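Written out below as structure tokens is the structure these notes cover.
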Amino acid sequence: MREAASKVASLERVRERVEAARREGRTVALGNGCFDVLHVGHVRYLEGARAEADVLVVGVNGDDSVRRLKGEGRPVMPAEDRALLVAALRATDHVVVFEEDDVSRLLLTLRPDVHCKGTDYTEETVPEREIVRSYGGRVAIVGDPKSHDTSALLTRIRR
């Protein structure tokens, strides 16, 4: 777990790591999500995002953000645990926890070459698409069809 923990860092530290990767000629992708109960859909999404660039940064929504986005009773796990689980995946290079409800600040700070979203979006419905386009990046839709849902999984578990 020590290796996974070293992947989780502040936005400033991740920015430094991204800049170092760029100096080496490497491309950067950004994926994001709540990752409240890690499931196969998350793994496929992150593997798809990793295939879009040399380096994958994953933004994990902070606890208050998850609560606002998903409702009372969420998150199931605290942000630190969710970030560590995402960092432990082979596809992930860097993880940053963010408190906002969207990734605009991460995009403007890191300026990834590719902003990756899941198949519940299209390139035209990605909320931050204009930010990505403003600095010359592109949006990619990755992962498998959205047939895995944390809310549905939690409902099944509670039954």
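The values are calculated or read from the model by the stated rules, or taken from the named source; none is laboratory data. Just so it is clear, the model here is predicted, and its values are computed rather than measured. Quick reminder, even Gly has a Cβ in these numbers, built from the backbone with ideal geometry, and neighbours come from all protein chains shown. To get the accessible areas, we keep the full protein, side chains included, count just its heavy atoms, and leave off ligands, DNA and RNA. Shrake-Rupley method; radii C 1.70, N 1.55, O 1.52, S 1.80 Å.
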Mind telling me which of 108, 46, 30 comes out most flexible in a GNM of the chain, alpha-carbon contacts under 10 Å?
108
Amide H neighbours of residue 8 at under 5 Å, excluding residues fewer than 5 places away on the same chain, with H built from the backbone geometry, are 95
Applying the Karplus parametrisation 6.51 cos²θ - 1.76 cosθ + 1.60 with θ = phi - 60° to the phi angles of the range 46-52, what ³J(HN,Hα) value in whole Hz is obtained for each residue in order, glycine and proline being reported as x?
5, 5, x, 5, 4, 5, 7
Which of the three applies to the range 24-64, rounded, prolate or oblate, going by the alpha-carbon gyration tensor with a ≥ b ≥ c and a/c under 1.5 meaning rounded?
oblate
Over the range 8-159, what per residue volume does the convex hull of the Cα atoms give, in whole Å³?
99 Å³
Taking every alpha carbon pair in the range 70-135, what does the distance histogram look like in 10 angstrom bins from 0, in percent?
16, 42, 38, 4
The percentage of Cα-Cα pairs in the range 8-98 separated by more than 19 Å is 38 percent
Please turn the phi angles of the range 16-26 into ³J(HN,Hα) values with the Karplus equation 6.51 cos²θ - 1.76 cosθ + 1.60 (θ = phi - 60°), one per residue in order, whole Hz, x for glycine and proline.
4, 5, 5, 4, 5, 4, 5, 4, 8, x, 8
Using a cut-off of 15 Å between beta-carbons, work out the net charge of the residues near residue 140 (Lys and Arg +1, Asp and Glu -1, residue 140 not included).
-3
Per DSSP, loop trypsin sites (Lys or Arg not before Pro) in the range 89-129 with at most 13 further Cβ within 10 Å
90
Listed residues 48, 137, 73, most fluctuating in the chain (Gaussian network, C-alpha, under 10 Å)
73
Whole-percent carbon and sulfur contribution to the accessible surface of the chain (1.4 Å, no ligands, DNA or RNA) stands at 48 percent
